[in-house]
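Taking it in order: structure first as structure tokens, then the write-up.
The values are calculated or read from the model by the stated rules, or taken from the named source; none is laboratory data. Quick caveat, the model's predicted, so the values are computed rather than measured. Quick reminder, even Gly has a Cβ in these numbers, built from the backbone with ideal geometry, and neighbours come from all protein chains shown.
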Amino acid sequence: MGLAELFVAMLVVGISCVNAAMPLGAFARSKDGRFLALSAGNLALALLGALWTWGQLPLSAPSWTSASLESMTIVLVVALLFLAATIWPRHV
């Protein structure tokens, strides 16, 4: 258990949860399924980060919840790219 892994796992959870909110709002307005799919992808990343967070805590988590810092960093980059794609202004 390392603090760096715990920090990255918590960042994945936080960024993914925040990033799921805006597409859900857009889906509520437009009923376009693409926004629902984007939000579901972000919530799946948040679930993965929550599992990794559980694996980093000293709570006798199963062995399948642990991950390496390298794979967590890749998922964090994906979550940040999702966030950038969501907040980037639309060119009309």
Criterion violated by Ser16 - all others in (1) at pLDDT 90 or above; (2) outside any helix (DSSP H, G or I) satisfied:
(2)
Go through segment 67-80 and count every residue that is farther than 21 Å from Val18 by Cβ and under 16 Å from the mean Cα position of the chain (by Cα).
4
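Quick one: would you say Thr86 is over 21 Å from Val18 (Cβ atoms), surrounded by 10 or more Cβ atoms within 10 Å (Cβ to Cβ) and over 11 Å from the mean Cα position of the chain (by Cα)?
Values: over 21 Å from Val18 (Cβ atoms): no; surrounded by 10 or more Cβ atoms within 10 Å (Cβ to Cβ): yes; over 11 Å from the mean Cα position of the chain (by Cα): yes.
Answer is no for this residue.
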Could you say which residue among Gly55, Gly25 is in a helix (DSSP H, G or I), surrounded by 16 or more Cβ atoms within 10 Å (Cβ to Cβ) and of a type outside the set (A, V, I, L, M, F, W, C)?
Gly55
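Would you call Asn42 under 18 Å from Leu83 (Cβ atoms), touching a residue at least 60 places away in the same chain (Cβ under 8 Å) and polar (S, T, N, Q)?
Working: under 18 Å from Leu83 (Cβ atoms): yes; touching a residue at least 60 places away in the same chain (Cβ under 8 Å): no; polar (S, T, N, Q): yes.
So Asn42 does not fit the description; no.
Give me the residue from segment 28-39 that is assigned to a helix (DSSP H, G or I) and either basic (Lys, Arg) or surrounded by 15 or more Cβ atoms within 10 Å (Cβ to Cβ) (or both) and, out of that set, farthest from the chain's Cα centre (by Cα).
Filtering segment 28-39 for residues assigned to a helix (DSSP H, G or I) gives 28-30, 33-39.
From what is left, the residues that are either basic (Lys, Arg) or surrounded by 15 or more Cβ atoms within 10 Å (Cβ to Cβ) (or both) are 29, 34-36, 38-39.
Values: Arg29: 23, Arg34: 17, Phe35: 16, Leu36: 15, Leu38: 11, Ser39: 10 Å.
Restricting to residues being assigned to a helix (DSSP H, G or I) and either basic (Lys, Arg) or surrounded by 15 or more Cβ atoms within 10 Å (Cβ to Cβ) (or both), the top hit is Arg29.
For residues that are of a type in the set (A, V, I, L, M, F, W, C) and within 11 Å of Phe7 (Cα to Cα), scanning just segment 58-75, find the one that is surrounded by the fewest Cβ atoms within 10 Å (Cβ to Cβ). Before you say what the answer is, go through the steps one by one.
The initial filter retains those residues of segment 58-75 that are of a type in the set (A, V, I, L, M, F, W, C), namely 59, 61, 64, 67, 69, 72, 74-75.
With within 11 Å of Phe7 (Cα to Cα) added as a condition, the list becomes 69, 72.
Numbers: Leu69: 14, Met72: 22.
Applying the filter and picking the extreme gives Leu69.
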Considering segment 45-60 alone, what residues qualify as being modelled with pLDDT of 90 or more and either farther than 12 Å from Phe82 by Cβ or of a type in the set (Phe, Trp, Tyr) (or both)?
Leu47, Leu48, Gly49, Ala50, Leu51, Trp52, Thr53, Trp54
